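Peer 1: Questions regarding the structure given below will be posed in turn.
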Amino acid sequence: MSNVNPTRSAVVEMKDERQAMHEGYVFLDEKCLLLAGEILAELGRHAVLQRTFLTLHEAALAALRAAVLRHGLEGLQVHPAPALGHARIARRLRSLMGVRLQDAALEAALPPAPQAFDRSIEGEACAHAHAAALEAAIPLAASSGNLERLSLEYRRSVRRARALQDVMLPELDRSIADVEGRLEEIDQEDAIWMRSAAGERPSAPSAMREDANPAHDVTAT
């Protein structure tokens, strides 16, 4: 049973609240559809980027094995690596339903590494292969972050939509029905009281006339 005072204004306020709540549910439902569509599109981009990265990663491992066979592990460790201090990542920010998304890539190719003392084709191939894998990992990382944020917002929106649909809206409907039922009972009680009061009013004059008639007869006698 609702604790709301049964008045017409209370029912109007509760129905307005229900309308706003329903509009919120519709918005969340549409938001979930948009997020699901973007997740599917992002999954497609992520799959392409992941295949590219895995191909380059396998090539880098093969180049590493060849360089280790050529120089040995300790000899390869002293080869200079490409300078990453001046590397810059270009980001393009976008947003979907309040979710921050981004695309990232290197602004330019990594600068070549300083020439090694024990220079070899295998060593240079190893450096180039790892630089290419690193370059491919940047957009893949941005896509993975997009998927995490989209998935988090999608789950949050689904929970809110289900709470509105399964808990809050039915509870508010029951409260409205309860208050309207109590108002009907009050209206019925008022109608019964008014009919009873209307039925009692003519009885008083008739009684007075009945009392007056014997007195008139006695006087006449």
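The values are calculated or read from the model by the stated rules, or taken from the named source; none is laboratory data. Note that the structure is predicted; figures quoted are calculated from it, not measured. Glycine gets a Cβ as well: all are built from the backbone with ideal geometry, and neighbour counts include every protein chain shown. To get the accessible areas, we keep the full protein, side chains included, count just its heavy atoms, and leave off ligands, DNA and RNA. Shrake-Rupley method; radii C 1.70, N 1.55, O 1.52, S 1.80 Å.
Peer 1: Residues A113, A67, A87: which one is modelled with pLDDT under 95, small (G, A, S), surrounded by 15 or more Cβ atoms within 10 Å (Cβ to Cβ) and within 39 Å of the chain's Cα centre (by Cα)?
Peer 2: Matching residue, one of A113, A67, A87: A87.
Peer 1: Now for a different question. What are the residue pairs meeting all of these: first residue in segment 66-90, first residue of a type outside the set (A, V, I, L, M, F, W, C), second residue open to solvent by 40 Å² or more (accessible area, probe 1.4 Å) and in a helix (DSSP H, G or I), Cβ atoms under 6 Å, and 6 or more apart or on different chains?
Peer 2: Once the first residue is of a type outside the set (A, V, I, L, M, F, W, C) and sits in segment 66-90, its partners that are open to solvent by 40 Å² or more (accessible area, probe 1.4 Å) and in a helix (DSSP H, G or I) give R70/E122.
Peer 1: Can you tell me which of A41, A108 is open to solvent by less than 70 Å² (accessible area, probe 1.4 Å), part of a loop (DSSP other than H, G, I, E, B) and among the hydrophobic types (A, V, I, L, M, F, W, C)?
Peer 2: Just a single option satisfies the conditions, and that option is A108.
Peer 1: Taking interchain pairs and intrachain pairs at least six residues apart, which have beta carbon atoms under 6 angstrom, with the first residue in segment 21-46 and touching a residue at least 40 places away in the same chain (Cβ under 8 Å) and the second outside any helix (DSSP H, G or I) and among the aromatic types (F, W, Y)?
Peer 2: Within 6 Å, no pair qualifies.
Peer 1: Restrict the check to segment 159-171 and report whether at least one residue is open to solvent by 30 Å² or more (accessible area, probe 1.4 Å), closer than 16 Å to S95 by Cα and not basic (K, R).
Peer 2: Checked segment 159-171: no residue is open to solvent by 30 Å² or more (accessible area, probe 1.4 Å), closer than 16 Å to S95 by Cα and not basic (K, R).
Peer 1: Which of (1) at positive phi; (2) without any contact (Cβ under 8 Å) to a residue 40 or more places away in the chain is the odd one out, the single condition G98 does not satisfy?
Peer 2: G98 satisfies all of (1) at positive phi; (2) without any contact (Cβ under 8 Å) to a residue 40 or more places away in the chain except (2).
Peer 1: OK, next. Could you tell me how many of the residues in segment 8-24 are touching a helix residue (DSSP H, G or I) at 6+ places or on another chain (Cβ under 8 Å) and open to solvent by 40 Å² or more (accessible area, probe 1.4 Å)?
Peer 2: Residues meeting the conditions: 5.
Peer 1: On to the next question. Which ones in segment 45-63 are open to solvent by 40 Å² or more (accessible area, probe 1.4 Å) and not hydrophobic (A, V, I, L, M, F, W, C)?
Peer 2: R45, Q50, R51, T52, T55, H57, E58
Peer 1: Can you say whether F27 is open to solvent by 90 Å² or more (accessible area, probe 1.4 Å), part of a loop (DSSP other than H, G, I, E, B) and either modelled with pLDDT of 90 or more or aromatic (F, W, Y) (or both), as far as the supplied structure shows?
Peer 2: No.
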